[in-house]
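S.K.: Below: one structure in structure tokens.
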Amino acid sequence: MNKGKVYLIGAGPGDIGLITVKGMEKLKEADVIVYDRLVNDSLLKESKTECEMIYVGKKPNHHTLKQGEINKLLVEKAKEGKTVVRLKGGDPYVFGRGGEEGEELYKNNIEFEVVPGITSAIGGLCYAGIPITQRNVATSFHVFTGHLSDDEKEFDFESIVKLNGTLVFLMGMKNLEKITKGLMKYGKKPDTPVAIINWATRNNQKVITERLNKIYDYAVEKNMSSPSLIVIGDVVDYREKLSFFEKKPLHGKNIVVTRSRAQNSSMIEKLRELGANPIEFPTIKIEKLENTKLINEIKNIDKYNYIILTSENGVEIFFKELYKMGYDSRWLKNSKIVSIGKSTTEKLKQFGIVADIMPKTYKQEELYGLLKDKVKKGDNILLPRSAKGRKFIVEKLNQISNVCEIHTYTTVVDDSKSDDFIDNFKNVDYITFTSSSTVENFFEIVGKENKKLLSKAKLISIGPVTSSTIEELGFKVYSEAKEYTIDGIIDSILNDRK
């Protein structure tokens with residue numbers, strides 16, 4: 001059997017956007033991912049469905065696997081002929097034991113490649129508003145492990161204090177008191193600025209600053225723990241001017257997204273950009289319905305005066321079938337294209353279509369109001385959509401025309417729930433709902449026994465129909481989007497933060 005290959009990849013300090021392009025490419029190709037505690041879980045969702053995930057994370061005084069066992073695991077998986085990604089927080093060679101793993105792979109004649117990552121010693125400081133170097137202030141920087149491999153060893157504080165640049169200690173919270181006292185003992189000024197950065201570059205990043213002689217007591221008071229960076233030097237004083245990450249409007253907010261995984265990427269991206277921690281909890285899965293009726297109607301599309309599309313899913317399924325049959329958008333030249341919703345209209349543009357008719361709000365009632373004076377008796381209307389769509393528009397338009405409704409997909413409960421998420425409902429700030437299905441399925445998945453855990457979460461609805469479903473189930477709608485779109489939901493949350 002051919003031997004596989006191992007990629008030692010740096011995942012960056014926490015923000016998933018800080019992994020390199022090459023790192024992400026190899027992550028998506030992996031057959032096996034062996035990952036650490038400090039790796040952002042969201043990165044793992046970029047892997048192949050069939051990828052094997054192996055957690056080897058280390059907490060202070062507790063290792064899932066010892067380093068020797070991890071080395072052995074990488075060799076075994078590669079010998080099975082698999083592409084293995086060893087995903088490590090920060091950079092593999094900055095206190096990441098990547099060199100040890102590389103040596104073991106070399107010894108066993110396993111091909112490997114290293115993909116560097118942004119070390120927290122630089123990226124973490126940046127997100128805290130602290131430049132690791134600054135002209136005329138710090139022209140060098142020095143990175144130390146704050147956790148020596150042998151407890152009997154001591155830091156060489158006498159040499160360290162002679163360094164004029166920025167001092168950064170990684171994994172040093174356990175020895176914080178020893179570090180501060182040792183530096184002052186050998187001449188470091190007690191009023192030297194110090195910062196401690198906890199969970200650097202993540203939405204729950206927490207930063208405290210003090211002077212060297214006071215930082216230990218302050219850290220204890222603020223309950224600062226690992227994983228944290230300790231930064232010592234005058235560059236810390238630039239934080240007030242250069243801090244940007246914690247100023248994002250949704251920084252520190254945990255927001256649940258209940259849309260299907262196939263649909264939620266744009267919402268997740270927008271929330272992350274605003275500083276939030278979007279928690280993917282998809283409650284619905286889209287299942288395409290196979291039927292010959294859609295194929296027949298596409299073949300005879302010329303008879304339709306109007307084609308009504310009511311969702312992004314409906315658009316995608318319709319046009320994929322159109323293309324599969326050897327046609328393109330020109331085939332629809334004799335039909336007026338009607339769209340419900342801004343997102344549906346944007347999806348149409350991806351297929352080269354600008355909607356002829358679109359109501360201002362995502363309501364079938366408004367759509368009917370627009371069409372009733374346009375549609376003539378005898379007109380034919382094609383309506384490919386979800387099997388669970390409301391009947392209002394079909395019933396009303398059938399009174400003045402001929403509607404051909406085709407169910408091209410349905411939604412089912414996505415019960416791949418996360419027990420860890422259920423256990424931590426108390427940390428959720430907002431839960432967003434984009435349809436009645438997401439509401440019904442969410443509460444079915446969560447279960448009655450967990451509903452009381454939602455008392456502190458604010459429920460955000462995309463529109464009136466979704467709000468009604470929330471209220472029918474006995475819950476209160478905190479806010480309803482003014483514009484019935486994903487952007488409208490996000491605006492509702494932003495307005496709550498003002």
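S.K.: How many angstrom separate the Cα center of the stretch 36-88 from the Cα center of the stretch 247-321?
M.R.: Here the answer is 32 Å between Cα centres.
S.K.: Assuming R0 = 30 Å, can you tell me the calculated FRET efficiency for the pair Val412 and Tyr323, based on Cβ-Cβ distance, to the nearest 0.05?
M.R.: Details: r = 26 Å, r/R0 = 0.85.
Once the sixth-power term is evaluated, E becomes 0.70.
S.K.: Oh, and also: In sequence order, what are the phi-derived ³J(HN,Hα) couplings for the stretch 155-168 according to the Karplus relation 6.51 cos²θ - 1.76 cosθ + 1.60 with θ = phi - 60°, rounded to whole Hz, with x for glycine and proline?
M.R.: Working through the residues one at a time gives 5, 8, 5, 4, 7, 5, 5, 7, 7, 8, x, 6, 9, 10 Hz.
S.K.: By how many nm would the segment from Glu290 to Thr139 grow when fully extended, if each residue of separation counts as 0.36 nm and the alpha-carbon distance is taken off? The partial results should precede the final answer.
M.R.: Details: separation 151, 0.36 × 151 = 54.36 nm, distance 6.56 nm.
Here the segment from Glu290 to Thr139 would lengthen by 47.8 nm.
S.K.: Now for a separate question. Using R₀ = 22 Å, calculate the FRET efficiency as 1/(1 + (r/R₀)^6) where r is the Cβ-Cβ separation of Lys241 and Asn164; round to 0.05. Walk me through the numbers before you get to the answer.
M.R.: Details: r = 22 Å, r/R0 = 1.00.
Efficiency at R0 = 22 Å is approximately 0.50.
S.K.: Would you mind calculating the relative contact order of the chain from Cα pairs under 8 angstrom and at least 6 residues apart, reporting the percent as a whole number?
M.R.: Details: 955 pairs, mean separation 51.8, N = 498.
After rounding, I find 10 percent.
S.K.: Using the C-alpha atoms of the chain, what convex hull volume per residue, in cubic angstrom, is computed? Before the final figure, lay out the partial values.
M.R.: Values: hull volume 93.1 nm³, N = 498.
So the per-residue Cα hull volume is 187 Å³.
S.K.: Another one. Could you look at the chain and say what percent of its accessible area is carbon and sulfur, using a 1.4 Å probe and all protein chains? Let's see the in-between values first.
M.R.: On the way: 11650 of 24900 Å².
Taking all protein chains in place, the chain shows 47 percent carbon and sulfur surface.
S.K.: Please give, to one decimal in nm, the separation of the simple spin-label points placed at Ile357 and His251, each 7 Å out from Cα toward the Cβ.
M.R.: The modelled label-to-label distance comes out at 4.9 nm.
S.K.: Positive end of the charge dipole of the chain (Lys, Arg +1 and Asp, Glu -1 on Cβ, about the Cα centre): tell me which of Thr345, Tyr106, Val194 has its Cα farthest that way.
M.R.: Thr345
S.K.: Keeping to pairs on different chains or 8 or more places apart, tell me how many lysine pairs in the stretch 101-181 have Cα atoms under 17 Å apart.
M.R.: Values: Lys153/Lys174; Lys153/Lys178; Lys153/Lys181; Lys162/Lys181.
Close lysine pairs under the 17 Å cut-off: 4.
S.K.: Taking 0.36 nm per residue of sequence separation and subtracting the Cα-Cα distance, how much length would be gained by fully extending the chain between Glu76 and Lys476, in nm to one decimal?
M.R.: 138.7 nm
S.K.: Would you please give the FRET efficiency between Lys377 and Thr20, computed as 1/(1 + (r/R0)^6) with r the Cβ-Cβ distance and R0 = 56 Å, to the nearest 0.05?
M.R.: Numbers: r = 62 Å, r/R0 = 1.10.
Computed FRET efficiency for Lys377 and Thr20 comes out at 0.35.
S.K.: Tell me, rounded to the nearest percent, the portion of alpha carbon pairs in the stretch 11-81 spaced more than 20 Å apart.
M.R.: Values: 854 of 2485 pairs.
Looking at the stretch 11-81, the distances longer than 20 Å represent 34 percent of pairs.
S.K.: Quick one: order Arg385, Arg211 from most to least accessible surface, probe 1.4 Å.
M.R.: Heavy-atom accessible area, descending, gives Arg211, Arg385.
S.K.: Shifting gears a bit: What are the ³J(HN,Hα) values, in whole Hz, obtained from phi via the Karplus relation 6.51 cos²θ - 1.76 cosθ + 1.60 with θ = phi - 60°, for each residue of the stretch 113-123 in sequence order, with x given for Gly and Pro?
M.R.: The phi angles translate into 9, 10, 10, x, x, 6, 6, 5, 4, 10, x Hz.
S.K.: When all alpha-carbon pairs of the stretch 148-303 are counted, what percent fall beyond 25 Å? Write down the numbers at each step before the final one.
M.R.: Values: 6283 of 12090 pairs.
Within the stretch 148-303, distances greater than 25 Å cover 52 percent of Cα pairs.
S.K.: Can you tell me how much longer the chain between Ser265 and Lys333 gets when fully stretched, taken as 0.36 nm per residue apart minus their C-alpha distance, in nm with one decimal? Mind showing how you got there, number by number?
M.R.: Numbers: separation 68, 0.36 × 68 = 24.48 nm, distance 3.18 nm.
That pair, Ser265 and Lys333, stretches by 21.3 nm at full extension.
S.K.: With a probe of 1.4 Å, find how much accessible area the chain has per residue, and write the answer as a whole number in Å².
M.R.: Working: 24900 Å² over 498 residues.
Here the per-residue accessible area is 50 Å².
S.K.: Could you work out the Kirkwood radius for the stretch 284-396, taking every pair of different alpha carbons, averaging 1/r and inverting it, reported in Å? Intermediate values should be presented prior to the final figure.
M.R.: Working: mean 1/r = 0.0690 Å⁻¹.
The Cα-based Kirkwood calculation yields 14.5 Å.
S.K.: Residue-wise, which Karplus ³J(HN,Hα) couplings in Hz belong to the stretch 287-296, taking 6.51 cos²θ - 1.76 cosθ + 1.60, θ = phi - 60°, and x for glycine or proline?
M.R.: Computed from phi, the couplings for the stretch 287-296 are 10, 5, 9, 7, 7, 8, 5, 4, 4, 5 Hz.
S.K.: Let me ask you something else. Using a 1.4 angstrom probe with every protein chain in place, what is the largest-first accessible-area order of Thr292, Thr133, Thr469, Thr49? Don't jump to the answer; show the numbers that get you there.
M.R.: Numbers: Thr292 100, Thr133 60, Thr469 10, Thr49 140 Å².
Largest accessible area first, the residues go Thr49, Thr292, Thr133, Thr469.
S.K.: Taking 4 °C and 1.567 mPa s as the conditions, I'd like the Stokes-Einstein D for the stretch 31-141 in µm²/s, using the Kirkwood hydrodynamic radius from alpha carbon pairs.
M.R.: Numbers: Rh = 15.7 Å.
Answer, rounded: 83 µm²/s.
The values are calculated or read from the model by the stated rules, or taken from the named source; none is laboratory data. This one's a predicted model, so the numbers in the text were calculated from it and none came from an experiment. As a convention, Cβ positions derive from the backbone with ideal geometry for all residues, glycine included, and neighbour counts pool all protein chains shown. Surface areas here come from the heavy atoms of the whole protein model, side chains and all, with no ligands, DNA or RNA. Shrake-Rupley method; radii C 1.70, N 1.55, O 1.52, S 1.80 Å.
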